[in-house]
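Everything below concerns the one structure shown next.
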Number of protein chains: 2
Amino acid sequence: MKQGMWQIYQFPLCPFSRKVRLLMAEKSIPYELIRENPWEFREEFQRLNPAVRTPVLCDEARGITLADSRAICEYLEETSDKNPMINGTATNRAEIRRLVAHFDEHFFADVTMPLLEERMKKRLVYRQSPDSRALREALRRAHDHLYGIDHLIDNRPWLAGSTMSLADLAAAAQLSVADYLGGIDWNGHEQARDWYAVFKSRPSFRPLLSERMDVIQPPAHYADVNA
Amino acid sequence: MKQGMWQIYQFPLCPFSRKVRLLMAEKSIPYELIRENPWEFREEFQRLNPAVRTPVLCDEARGITLADSRAICEYLEETSDKNPMINGTATNRAEIRRLVAHFDEHFFADVTMPLLEERMKKRLVYRQSPDSRALREALRRAHDHLYGIDHLIDNRPWLAGSTMSLADLAAAAQLSVADYLGGIDWNGHEQARDWYAVFKSRPSFRPLLSERMDVIQPPAHYADVNA
């Protein structure tokens, strides 16, 4: 391990790890990845984070261990001046944080979590077939969330206002995992698609798009920056 | 409505509204309460907060509407100098936020939410009897969480370190709702009980202890500051 280098415990389809990685890349903070499958409840990982969730950010040289993706993002925002992503007036910042919570909690519970359960965990962990009813419900809810994004982008250039913010990173992180797992039908969501296309071509996003989760393959459009 | 007065949309047993109210009281920020039952999905409330969750904080005179309890707490922390509750070094602040997330998400999902479902919503909304298996499971998990608090207090005077912080307010808010609903057995948890007793006697906590949720009565020890 390099001196003072951040290590992120994560797996490629963890949306919360993706949010933290996007923020670090936008801030040019280097990191190395450590693969962690939280569903294996590895003892060493339980000691790092009793909640047994990814991501965990560690700097062993400085003895720092950080858990909870929102706490990590606030830490990075406070300790790095570059490209602030929780920015503006106190009211703007509250709106950014409201939207981050919306994507972390509601988009995740409605769309990303059921997709991860049906299309990733059932395949890799439980060796079961996905439940088609649960999948249909996740796709239906994904549409509702895409309408919500269309509506926000109708009124603002970025999700929380006039500049890119952590709200956009949180949304793109969830969407990218849902898209990888075939849960996003972009038809009829021009505004959301155009907004997401901007992300896909950012240098911060490229490493995420090229990664693969074991045997699970994304649809053809997933990593195509022109799709 | 008074000019520039905060209004909080809430119901008496909402743990997230209690966290915000404790923070405002510790900071001497005045507010008035508006009773809101989010399970009624009132249209006007849906417009205020599309997530249809309490608390929502409004200042109509200034045209400010804030939602998501963590975003609200960060806003109050940024706009009030008095009694900072997310304090210390960046690492201390990350630890405070990690613990707030722990109580808001894990304690709530394991203990407060099932108790609210079984002992409040089934009585007031669905007119059903509580599921005794779900209640037993919530009580068992409450014990595990109390052991976690005992352990933290063994090593630190307050949950996140040497001073009182938002982590203590978030924990006390969840515990107070669980205690109201008969979900907390303090026997064998001396450290947690002593820490919670300090809260119960604070002026910020008194208004919460005297409120009642419709026909639901708390156990005798609930509002007793010497219990």
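Brief remarks on what is shown
- Hey, residue B:167 within 14 Å of chain A (Cβ to nearest Cβ), at pLDDT 95 or above and either closer than 18 Å to residue B:200 by Cβ or in contact with a Leu (Cβ under 8 Å, 6 or more places away or on another chain) (or both) or not: yes
- Evaluation of residue B:70 against the conditions (1) more than 9 Å from chain A (Cβ to nearest Cβ); (2) within 18 Å of residue B:170 (Cα to Cα) shows that the sole unmet condition is (1).
- Of all residues in region A:73-82 being surrounded by 16 or more Cβ atoms within 10 Å (Cβ to Cβ) and touching a helix residue (DSSP H, G or I) at 6+ places or on another chain (Cβ under 7 Å), the one that is nearest to the other protein chains (Cβ to nearest Cβ): A:75
- The single condition from (1) touching a strand residue (DSSP E or B) at 6+ places or on another chain (Cβ under 8 Å); (2) open to solvent by less than 30 Å² (accessible area, probe 1.4 Å); (3) within 8 Å of another protein chain (Cβ to nearest Cβ) that residue A:101 fails is (1).
- Hey, residue B:116 more than 10 Å from chain A (Cβ to nearest Cβ) and in a helix (DSSP H, G or I) or not: yes
- Hey, residue A:178 surrounded by 14 or more Cβ atoms within 10 Å (Cβ to Cβ) and not polar (S, T, N, Q) or not: yes
- Here the helices (runs of 4 or more DSSP H) wholly within region A:145-227 that include at least 2 residues being of a type in the set (Gly, Ala, Ser) are A:166-180, A:190-200.
- Taking region A:83-93 as the range and being facing chain B (nearest Cβ under 9 Å) and open to solvent by 50 Å² or more (accessible area, probe 1.4 Å) as the test, the residues that pass are A:91, A:93.
- Number of the condition not met by residue A:51 [criteria: (1) touching a residue at least 40 places away in the same chain (Cβ under 8 Å); (2) touching a His at 6+ places or on another chain (Cβ under 8 Å)]: (1)
- Restricting attention to region A:44-64, the residues that are in contact with a Lys or Arg (Cβ under 9 Å, 6 or more places away or on another chain) and more than 9 Å from every other protein chain (Cβ to nearest Cβ) add up to 3.
- Any hit, region A:124-145, residues being without any contact (Cβ under 8 Å) to a residue 40 or more places away in the chain, among the aromatic types (Phe, Trp, Tyr), more than 28 Å from residue A:87 (Cβ to Cβ) and open to solvent by 30 Å² or more (accessible area, probe 1.4 Å): yes
The values are calculated or read from the model by the stated rules, or taken from the named source; none is laboratory data. Computed from a predicted model, the values in this text were never measured in an experiment. Neighbour counts are summed over all protein chains in view; Cβ atoms, including those assigned to glycine, are modelled from backbone coordinates with ideal geometry. Remember, those area values only see protein heavy atoms, side chains included, never the ligands or the DNA or RNA. Shrake-Rupley method; radii C 1.70, N 1.55, O 1.52, S 1.80 Å.
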